[in-house]
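The values are calculated or read from the model by the stated rules, or taken from the named source; none is laboratory data. A quick note: this is a predicted structure, and the numbers were derived from the prediction, not measured. Here Cβ is always computed from backbone atoms with ideal geometry, including for glycine, and neighbour counts include all displayed protein chains.
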Amino acid sequence: MTSSVGTVPKPVEDVTHKRPRIVTNKQRVTWVTLALLVLVVAGVLWGLSIGSQQIPLSRVPGAIFKADQPDELIIQSIRMPRVVLALCVGAALAVAGALMQAVAANPLAAPEIMGVNAGAVFVVVLAITVVPSLSGAPTILLAFGGAAVAGVSVMLLAGSGGGRVSPVRLALAGVTASSLLISLTQVLIIFDENSADSVLFWLVGGVNFAGWSDIRNLLPWLVLGLIGAFAMARPLNLLALGDDMARGLGQNVERTRMYGSALVIVLCGAAVSVAGPVAFIGLIVPHIIRRLVGSSYTVLLPLCAVGGGVLVLYADIASRYVKPPFEVPAGVVTALIGAPIFVYLARRQKVTS
Amino acid sequence: MSTAIVAQHVRRTSLAQRHPSVLMGSLCVLAVVLSFYSLSVGATDVSMGDVFNAVIGNTSDQAAQIVVQFQLPRVLLAWLVGIALAVSGSVMQGVIRNPLAAPDVVGVTKGAGFAGMLLLLAIPGMPVVAVVPAAFVGGLAAAALVYLLAYRRGATPVRIALVGIAVSAAFEAGIRFLLVRNPLDVSAALIWLTGSLFGRSMSSVLEILPWVLVLVPLIVIWSRKLDVLGLGDDLAAGLGEPVERTRRTLLLFSVALAAAAVAVSGTIGFVGLIAPHMARRVFGGKHVASIPAAALFGVLLMLFADMLGRGLAPPLEIPAGLVTAVVGGPYFLYLLVKTGK
Amino acid sequence: MSHSATKVRRTVAVLALTVAAAALTGCGGSSSSLATGAAPNADRAAAAEGVSPDVNLDQCGKEARTVKHDLGSTTITGSPTKVVALEYSFVDALVAVGMSPIGVADDDQPERIIPALRDKVGEYKSVGLRATPNIQVITALKPDLIVADSGRHKAIYAQLSKIAPTIAYASLNGNYQQVLDSEMSTAIALNKCDQMKTRLSEHAKLMADLKAKARADETRKALFVRASDKGFTGFPPKAYTPGVLAVVGIRSPLPDESGDASVSLTLETLVATKPDVMFIAPNDGPTLRDTWVKSPLWKEIPAVKNNATFDVNPNEWSRSRGLIASEVVAQEAVKLLYGK
């Protein structure tokens, strides 16, 4: 790793913290952006071309706008929404992860570790169990509620409210909350004995059955969340300098945290209610992007959005090869990839105690 | 972390701390009474008197005998699992120096769960008896993995906790993968994973008994070492304690207890988290008192959870693991917010 | 301890029953069993239609019958009258020989028992979820036979055996042949061999009649699926429902090689499967089918184009796997496809 790239702010247990170097190398940013865009395009084409029917790529351009023939219909109404949803969900979760890490000032903060995803899932499953006819837009609002309550509880549990909380405390609090919510969800599902598919979807997450309606439900919140996040890039950069420093520079630290948290809830809640709790995106994508281009949020956030999309897209593609020719939720692949990376990150944490 | 707690509790000398044995004795009596009550509760009610007679073998009343034959192993298991989880949690919190630490943190629960699932699902013809030892070994192996990965010229509590969470997540991913590949068995698998005392027999009791009988007294004997470790690595070393070795051994004990508990009853959460807290609040931070107390609180929690699970909506049975999660989770939140960490 | 008293009592009861039964059989009827050894047994063995050869029919008519099942073998003496069934398919077996269970694991939802069985089942006590039946309730019922699922109840088999002789078969993951075999074996355990054999013959005849009503050269492929809010599950040819349909000549379009008991389908895979007929068993509430019907691709499915998409009841077609249930399925299928 060349020294011209910004480094990950080193987390410490004690109160004094070091000021991170936020230096970004313009060239690197350009290269990474290009690489990611290439990956997106390649991924989209790949995603559009695989499936149980053999459809040559040459049909794709025609299918984008008009769809008369069955194979064009397949591309337009099944594969395209799936690819687009994968990109959207990935973007939402990755940006939410980056935001969370900024707000909690904690490199291990991520929606699933903080119980935010588990909260959203639990509330949605509860709602569907109680009112089976519920679907679509109202569930997203419920998901927000669940995500919010879980997130707030975890923050309380960890004892924050004034600045940095040690990664350990936050992680442990999040795990506690998550495991509670997940076991509640599991039991709701067991007692309903409905079908294994629902169980797997709500436990693992995936974009297998994506439709344009899902995208329509998600899009407004995604756009709101992303725009809000990008607008917060400068304040977040200031926040990373430390509370006192930021306040000294005239920033309202509490308000920044609040907006950041609200955006996390919006992005996670919406993504989870539409695609289930796809694991680890919010944790690993920000870390990888940070290692590549440094930690300036003006650059980090957009690249996270693209990077997250790429990851979920490729995970979905890979999931087709797990049990061919039949489907497996993409969340399984992200979990299998993400877990070892999480272990690696946890080991790397330089904590002085 | 626990230095602060110790200091805080030493200042408040409560009744409990002045006469710990009295209070502990009464808790014990309460647990025994609750056990008998638990034996009498369920889908068919049997009076406490009949239960008592049946236990001492002094009756030919068939209903009571049946109750004893099937409920007794569950009650005994509630005792043993409660003790195992609570003591394991106490030790873990003392070693990691964090009140939020629980056996799950070092990957035991998920490791055991994964190993059990692997056997149950991937090898269909496997006899059920093999699952318990497999889960036990899985739990130990996971903890060993966490320790190894966290080791870098010593394994600091913080690293252990962080790596533990990550390794748990990895095993969780493995469990989900297994579930996805075996969708028809999902309900049964989830029920086992949630943790319950359903259908357990005397053989389960015998599987966990030796671990509890051997390790718990050992841990109580070592309780002063735990106190010393709680002062911080440097101070402890200064007091002549071989920190790394003691920590490793204590963790091993804690993990073995937790693995045994998970292997026989599935993953019952929050007992290992709450019982030590309750014990410390009432009896203070010195482990020689708080560990036996935690054990008793663990027993009470398990008995309560099992009873509630069986008695709430017969003939349906709510898994004990769910009851502990539903009751324990919010209570734990309340505790933490109240004591402010 | 206190068990030994129960054990003694039970042994005495069994001995008494055996003596009584022996006395009764001595009095009349089954003189054929005293005649030449092998031939009548061979007759008996040949008389169970549609059942696999490894079902030990030679145990029929014996006082102490050793029944083989998935978790071992159990010896049952006398004629059990108080039976607890831990899956819907075992209720089916009981009703087929004119008996009714005293306890059923019905997930606390008695409406899941199909109409064809419900009237004949009468009063029973629910013993809880199929996944976690309440052992205390089962014990209190004092059954003399328990029929369990060899997958779900493997872990509690030992405990169940202590309450009453327990036989276990694959119900949840069982296919049509296994269902027939398990019903015959259950009948052997119940000492109702002849009734079951008669019933099996009736069954074979009914299925043959239904097959005759079907087209002899039926080339249409029919897909059976269960639709839920997050899944559309198809069943390959070897699974239970497609197995039943195959008996009346209706084949499944899914490939035979998939060793899984079920496969998750997306709209694309469904279209690629090109079923000519679809039998859809929907869960309550909104399902994926409701979303998919809006797609133009849905209309490309041959079954939709031919107006051959039928909604069926999941309890009858999937949950209650059994002899009687399979007749319900076959009858409905033939009626829907051929209007007969």
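Some notes on this structure:
Yes/no per residue for (1) polar (S, T, N, Q); (2) touching a helix residue (DSSP H, G or I) at 6+ places or on another chain (Cβ under 9 Å); (3) over 23 Å from B:I66 (Cβ atoms):
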position	(1), (2), (3)
C:S150	yes, yes, yes
C:H153	no, yes, no
C:A158	no, yes, no
C:K162	no, yes, no
C:I167	no, yes, no
C:G174	no, yes, yes
C:Q177	yes, yes, yes
C:S182	yes, yes, yes
C:I188	no, yes, yes
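- Residue ID - surrounded by the most Cβ atoms within 10 Å (Cβ to Cβ), chosen from residues in the stretch B:160-179 that are more than 7 Å from every other protein chain (Cβ to nearest Cβ) and not hydrophobic (A, V, I, L, M, F, W, C): B:G164
- Residue match in the stretch C:17-36 (condition: at pLDDT below 85, part of a helix (DSSP H, G or I) and touching a strand residue (DSSP E or B) at 6+ places or on another chain (Cβ under 7 Å)): yes
- Search result, residues across the stretch C:123-143 that are under 12 Å from B:G199 (Cβ atoms) and more than 8 Å from chain B (Cβ to nearest Cβ): C:I138
- Among the residues of the stretch B:142-153, those identified as surrounded by fewer than 20 Cβ atoms within 10 Å (Cβ to Cβ) and either over 14 Å from A:R348 (Cα atoms) or more than 9 Å from chain A (Cβ to nearest Cβ) (or both) are B:A144, B:L145, B:L148, B:Y151, B:R153.
- Unique match (being outside any helix (DSSP H, G or I) and out of contact with any Leu (no Cβ under 9 Å at 6 or more places or on another chain)) among B:G154, B:G139: B:G154
- Failed criterion for A:A177 (all others in (1) away from chain C (no Cβ under 14 Å); (2) under 18 Å from the mean Cα position of the chain (by Cα) hold): (2)
- Pairing each residue of the stretch C:269-282 that is farther than 16 Å from C:I250 by Cα with any residue that is among the basic types (K, R), provided the two are 6+ apart or on different chains, yields C-beta distances under 8 Å for C:A281/C:R226; C:P282/C:R226; C:P282/C:R289.
- Count - residues of the stretch B:282-332 that are more than 11 Å from every other protein chain (Cβ to nearest Cβ), closer than 17 Å to B:V87 by Cβ and part of a helix (DSSP H, G or I): 19
- Pick from the stretch A:109-154, criterion out of contact with any helix residue (DSSP H, G or I) (no Cβ under 7 Å at 6 or more places or on another chain) and part of a helix (DSSP H, G or I), ranking: nearest to A:L181 (Cα to Cα): A:V152
- Filtered residues of the stretch A:43-76 (kept if in a helix (DSSP H, G or I) and in contact (Cβ under 8 Å) with a residue 40 or more places away in the chain): A:G43, A:V44, A:W46, A:G47
- Flag if B:T156 is within 12 Å of chain A (Cβ to nearest Cβ), in contact (Cβ under 8 Å) with a residue 24 or more places away in the chain and within 30 Å of C:A261 (Cβ to Cβ): no
- Check on A:I74, modelled with pLDDT under 85, farther than 17 Å from A:L292 by Cα and within 14 Å of another protein chain (Cβ to nearest Cβ): yes
- Within the stretch C:170-183, tally of residues that are part of a loop (DSSP other than H, G, I, E, B) and either among the charged types (D, E, K, R) or at the interface with another protein chain (Cβ under 8 Å from one of its Cβ atoms) (or both): 2
- From the list C:V329, C:V312, C:V304, the one residue that fits, being at pLDDT 90 or above, farther than 18 Å from C:F235 by Cβ and of a type in the set (A, V, I, L, M, F, W, C), is C:V304.
- Helices (runs of 4 or more DSSP H) wholly inside the stretch C:236-334 that include at least 3 residues being farther than 29 Å from A:D214 by Cα: C:240-247
- Test: A:D316 is surrounded by fewer than 19 Cβ atoms within 10 Å (Cβ to Cβ) and more than 14 Å from the chain's Cα centre (by Cα): no
- Of all residues making up the stretch A:279-308, the number that are among the polar types (S, T, N, Q) and surrounded by 23 or more Cβ atoms within 10 Å (Cβ to Cβ): 1
- Within the stretch B:180-237, tally of residues that are within 14 Å of chain A (Cβ to nearest Cβ), under 30 Å from B:I123 (Cβ atoms) and not in a helix (DSSP H, G or I): 4
- Residue count for the stretch C:66-87, restricted to those that are assigned to a strand (DSSP E or B), within 14 Å of C:T166 (Cβ to Cβ) and touching a residue at least 24 places away in the same chain (Cβ under 8 Å): 9
- Some residue of the stretch C:265-278 being crowded, with 22+ Cβ neighbours inside 10 Å and under 29 Å from C:P110 (Cα atoms): yes
- Matching residues, the stretch C:128-169, being assigned to a loop (DSSP other than H, G, I, E, B) and over 19 Å from the mean Cα position of the chain (by Cα): C:T132, C:N134, C:L141, C:K142, C:P143, C:D144, C:A155, C:I156, C:A164, C:P165
- Residue selection: B:L335 satisfies the criterion of being touching a His at 6+ places or on another chain (Cβ under 8 Å) and either modelled with pLDDT under 90 or on the phi > 0 side of the Ramachandran plot (or both).
- Residue within the stretch A:268-275 that is within 13 Å of another protein chain (Cβ to nearest Cβ), out of contact with any Phe, Trp or Tyr (no Cβ under 7 Å at 6 or more places or on another chain) and surrounded by fewer than 19 Cβ atoms within 10 Å (Cβ to Cβ) present: no
- Matching option when the condition is under 26 Å from the mean Cα position of the chain (by Cα), at pLDDT 70 or above, surrounded by 13 or more Cβ atoms within 10 Å (Cβ to Cβ) and farther than 26 Å from A:Q69 by Cβ, among A:L36, A:L48: A:L36
- Hits in the stretch A:339-349 (condition: within 7 Å of another protein chain (Cβ to nearest Cβ) and not hydrophobic (A, V, I, L, M, F, W, C)): A:P340, A:R347, A:Q349
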